[in-house]
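Reading through the structure tokens given below for one structure.
The values are calculated or read from the model by the stated rules, or taken from the named source; none is laboratory data. For clarity, every value in this text was computed on a predicted model and none was experimentally measured. Positions of Cβ are backbone-derived with ideal geometry, glycine not excepted, and every protein chain shown enters the neighbour counts.
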Amino acid sequence: MNNVIEVQKPTKGLFWLIDGELLAIPFDKGKYLNAVAKSGDTYVHKYLWKEISHSKAPYNYYPRGRVEINKSGKEIIYMNSNIGIG
């Protein structure tokens, strides 16, 4: 999981915290087509995990979250409440 993606502007997407490292996948409408939500503007953790992971652990084994961009362009981060504990 040493993939590094440079993003020039705030981008919506999903992330997992795996063994202290962040795995973040920015949303790209043309990529991971089987993981795109019905809304068409984000991914679903469960389906994206199947596309990107080689782990036998289920998608909800690791703490996870998402980044959304609101109408004024501000980032909103939703994440498991246990991220940052310990």
message: Condition (residue is in contact (Cβ under 8 Å) with a residue 24 or more places away in the chain and of a type in the set (Lys, Arg)) applied to the stretch 55-65: is it met by at least one residue?
response: yes
- prompt: Got at least one residue in the stretch 58-77 being part of a loop (DSSP other than H, G, I, E, B) and at positive phi?
  reply: yes
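Here's the yes/no breakdown for (1) surrounded by 17 or more Cβ atoms within 10 Å (Cβ to Cβ); (2) at pLDDT 95 or above:
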{"position": "ASN2", "(1), (2)": "no, no"}
{"position": "GLN8", "(1), (2)": "no, no"}
{"position": "LEU14", "(1), (2)": "yes, yes"}
{"position": "GLY20", "(1), (2)": "no, no"}
{"position": "PHE27", "(1), (2)": "yes, yes"}
{"position": "TYR47", "(1), (2)": "no, yes"}
task: Exactly one condition in (1) more than 11 Å from the chain's Cα centre (by Cα); (2) in contact (Cβ under 8 Å) with a residue 12 or more places away in the chain is not met by GLY84; state its number.
output: (2)
task: Please specify each residue of the stretch 7-45 satisfying the condition of being acidic (Asp, Glu) and part of a strand (DSSP E or B).
output: GLU21
